[in-house]
1. So how many residues does the range B:41-86 have that are part of a helix (DSSP H, G or I) and either among the hydrophobic types (A, V, I, L, M, F, W, C) or within 17 Å of the chain's Cα centre (by Cα) (or both)?
2. Given the criteria of a type in the set (Ser, Thr, Tyr) and not in a helix (DSSP H, G or I), does B:Thr136 qualify?
3. Looking at the range B:92-120 only, could you name the residues that are touching a residue at least 60 places away in the same chain (Cβ under 8 Å) and closer than 20 Å to B:Tyr194 by Cβ?
4. Please go through the range A:83-111 and give me each residue that is of a type in the set (A, V, I, L, M, F, W, C), within 14 Å of chain B (Cβ to nearest Cβ) and touching a Lys or Arg at 6+ places or on another chain (Cβ under 9 Å), ordered by number.
5. Looking at the range A:443-455, is at least one residue within 25 Å of A:Ile359 (Cβ to Cβ) and assigned to a helix (DSSP H, G or I)?
6. Given the condition without any contact (Cβ under 8 Å) to a residue 60 or more places away in the chain and aromatic (Phe, Trp, Tyr), answer yes or no: does some residue in the range A:452-462 qualify?
Amino acid sequence: MAHAANINFYQASHGWKSWLFTLDHKRIGMMYIVTTLLSFLIGGIFALLVRIELFSPGETIMSAATYNKLFTLHGAVMVFWFIIPSIPGALGNFFLPIMIGAKDVAFPRLNLFSYYLLITGMLFNVYSIVTGPIPDTGWTFYTPYSIQNSGAVISMVMGVFIMGFSSILTGLNFIVTVHKLRCPGMTWYRMPLFVWAIYGTSILQVMATPVLGITLLLLTIERYAGIGFFDPKLGGDPVLFQHFFWFYSHPAVYIMVLPAMGIISEIIPTMSQKTIFGYRAIAYSSLGLALVSFLVWGHHMFTSGQSELANFIFSLLTMATAVPSAVKMYNWSATIYKGSVSLTTPMLYALGFLFTFGIGGLTGITLGALSIDMHFHDTYFVVAHFHYVMMGGTAIALFAGLFYWFPKMTGKMYNECIGKLSFWIFFVGFNTTFIAQFVLGVNGMPRRYFDYLPMYTNWNRVSTVGSWLIGTAALLIVGNLFMSFFRGAKAPANPWNGKSLEWQAESPPVLENFAHTPTVTAGPYEYGVKHG
Amino acid sequence: MSESHAADHAHHFESVEHEFDAGKLGMWLFLVTEIMLFGGLFVGYGIFNYLYPEMFREAHHELNKVMGAFNTIVLLVSSLTMALAIAFIQRNDVKKSKLMLIITFLCACTFLVVKYFEYSAKIHHGLLPGHFFTNTDLQSANAALFFSFYFVMTGIHGLHVLIGMACIAWIYWRMNRGDFNAHKFGAVEFVGLYWHIVDLIWIFLFPLLYLVV
C-alpha cells in the first residue's frame, strides 16, 4: 500500500482489464468521458444529416421517412447517451470525491455497475437500430403513435429504461458520498459549488427517473398486451403518458443543466481570481431549481387539452424557475466584476455560457407565457430555445469543464491556441444555427418536417451552414483533447491558481487522491483572504 | 494495525460503522426510488378510479378478498420475522437469526403460491387484461382496465417479492458462512429494509384493489 500512495492513478495498474474492471472513480470518470464524447459525435452526425436535408425545400438527400428516423435518433442519442450521463458521470465521478477530500465515491462497485448499465442500455438501442425498423417517434415516444408504430420501439424504450437505472444509481451514490465522505473540516458551506450542483442533480435523478422507468415499462406492456392505460379505445388516456413522461423529463432538463451551472461556478471565480459573489445564494438556488423543476411539467402540455386552471398554474410556476436561474447569472456576473480575468479557453467557454444560456433562459420565459406558447408551440422557436439551453447551456459548460480540468485529469496541458479557436468557431456557428431557427419559429415554420415552404429557405440555409461550423468546432475540441492527452506539455499541479481541493492534489491525482486525508480550514474560493 | 483493520470495511471508509451508515442511507434512497416507481401506478389508479368509479366497484368483486387478506397477514408476519432476524443477529444469536430468515422466506413462498391460485382463477375467467381479455360477465364499460391495473401492480409487486426471496437466500448463505455478527450486520439490515417496503406496498395494494368502496 505504501507505494500506491505516491503514483498516479494511470500507473497504479496496467492492462485493459485494469480499466474495464476498475473501481477507481477517476478511471470510471475517464471511461464516461470517452463514452459520452463519442456519443456526442454520433448524435452530431445525425444532426448534421438532418440539417443537410433541410438545406433546401423538398427532398434534398433523404426521404421523409428516413428524416423522421434520423431526428428521433439525434434526439434520443443526444439526450440519453450524451447530455444526461455526461457531466455527472464524467466530471462528477472524477471530481466530486476529490473536491470533498474523499478517497472514492461511497459505493465504488455500484459506480462501475452504473457505467455498465449505461452501456447495456446503449446496446439495446443499437439493437433497435440494427434490427430495425428504426423508430420514428421522436425521443419523447408519445402515445398513441409509439404504440401503433411499426418500428422497434420496445428495444429502444427498454434501452432508455436501463439507462435510467444507471442515472438513478449514480445519483444515489453521489448523495451518500456527499453526506458521508466529506474530509475533516469540509462543512457544507465549504463545499465547492460544483458539489452543491451535483448534489441537487442527484436528488432529481433519484426522485424523477423512477417515474420515467414505470412510464416506459407501461408503454412496453401496452405495446405487447394492449393493457389500455394510454389507449382511449380501452378507456385510457394518451395525455396521461405525457403527464408521466414530462414529470420525469422536465426535471431531466435540470439534471442536464444544474451540473453545467456547477462547472461555471467553479471556472468563473478561479479565472477571475476572486471570491464567488453570493456563495450561499448560488448553493441554495441549485436546490431551489431542483425543487421547482418538479412543479412545472405541465408547461409541455399547454396545447394538449389541460384545463385552463392547470395551464395558468403551470405557467406561473414556470416563471418562478427564472428566479433561481437569474440569481446565478447575477452572481456570476458580479464575481467577474473587478476580478483579474484571464481569458483562457475554459473562461471563454464559461463567458459564452453566460451569453447563450441567458438567451436560452429568457426564451424559456417567453414560451412559459401561455398566450405566446399557443402561437410558438411546435415551431422552430421551441427547437431553438431548447438547443440554447441544452447545447448553449450544458454542452458548452461541459467543454468549459473539460478544458478547465484537463490538466488535472491527465497531467498534460491542452493546446490553448486551438482551444480558443475552437471556442470562436463553436460560438459563431452555434448562434448562427439557432438564431436562424428563432427567426424561422417566429415566422411559423413547424418542427419535425423534412420539407418546408419556399419562404423559409434562406434562414434554413443560414442554419445549416452554422451547423457545419459547430461540426468543425466539435472535431477541434475532441481532437485537441485527444492529441493533448498523448502529446501535451506537462501540466503543473495548479495551473489556474485554484483554491478548491482538487487543485491541491497531484496532476494527475494519485490512486487514493491525496497522500494523506486533507483537513480543510477555509472555503473553496477564498482569494485575497489571509488565514492566520 | 490498519492492515488488519482494513479487512472488515472498504478502504475509503474509516470504520465498519461509517460504512454501515453510508449503506443505510443508500438503501433508504433506493426505497425512495421504489416509492416513486409505484407512485406512478398509484396515481394512474387514482385517476381511473375517479373517472370510472362504477366500473372499479363492479370489477373488484372478481378478486378473492379472503385470499388477499390471508396474503396480507402472511406478509405482515414475514415483516415481523425479518425484523426479528435483524434483532437476533444484533445480539450475536446466529442460530435464531437464521431460523427467522427461513420463516420469512417461507412466508414469501406462501404469498406467491396464493398469488398463483388467484392468477389462475382470473385467467380462467378470461380476466387477463388487454388483448387477452375475454370475459363477458362484467357489465361496465372498460372493465378490462381494472384488471390491467390489477395485473401490472400485483405483477411488479410479485417481481419484488421474488427479488426479495433471492436477497434473503443470499444473506442466509452469507450468515451460514459466518459473515455477520453483532458488530457487522449491514447486509441483513438492508435486505430487511427492502423487505419492509415490499410489505408496505402490498399494504396499500390490498385495500386499493380488493376493498374498493
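The values are calculated or read from the model by the stated rules, or taken from the named source; none is laboratory data. Source: prediction; values computed, not measured. Using ideal geometry, Cβ is built from the backbone for each residue, glycine included, and neighbour counts are taken over all protein chains shown.
1. Total satisfying the criteria: 30.
2. Criteria met by B:Thr136.
3. Within the range B:92-120, B:Ser97, B:Lys98, B:Leu101, B:Ile102, B:Thr104, B:Phe105, B:Ala108 qualify.
4. Result: A:Ile98, A:Ile100, A:Ala102, A:Ala106.
5. Within the range A:443-455 (the criterion being within 25 Å of A:Ile359 (Cβ to Cβ) and assigned to a helix (DSSP H, G or I)), the answer is yes, since at least one residue qualifies.
6. yes
Yes/no matrix, rows are residues, columns are (1) part of a helix (DSSP H, G or I); (2) surrounded by 18 or more Cβ atoms within 10 Å (Cβ to Cβ); (3) polar (S, T, N, Q):
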{"residue": "A:Trp459", "(1), (2), (3)": "yes, yes, no"}
{"residue": "A:Leu469", "(1), (2), (3)": "yes, yes, no"}
{"residue": "A:Asn480", "(1), (2), (3)": "yes, yes, yes"}
{"residue": "A:Asn494", "(1), (2), (3)": "no, no, yes"}
{"residue": "A:Gly523", "(1), (2), (3)": "no, no, no"}
{"residue": "A:Tyr527", "(1), (2), (3)": "no, no, no"}
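To keep it simple, each residue is scored yes or no on (1) surrounded by fewer than 24 Cβ atoms within 10 Å (Cβ to Cβ); (2) under 22 Å from A:Trp188 (Cβ atoms); (3) of a type in the set (Phe, Trp, Tyr).
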| position | (1), (2), (3) |
| --- | --- |
| A:Ile264 | no, yes, no |
| A:Met271 | no, no, no |
| A:Tyr279 | yes, yes, yes |
| A:Ala283 | yes, yes, no |
| A:Phe302 | yes, no, yes |
| A:Ser307 | yes, no, no |
| A:Met319 | yes, no, no |
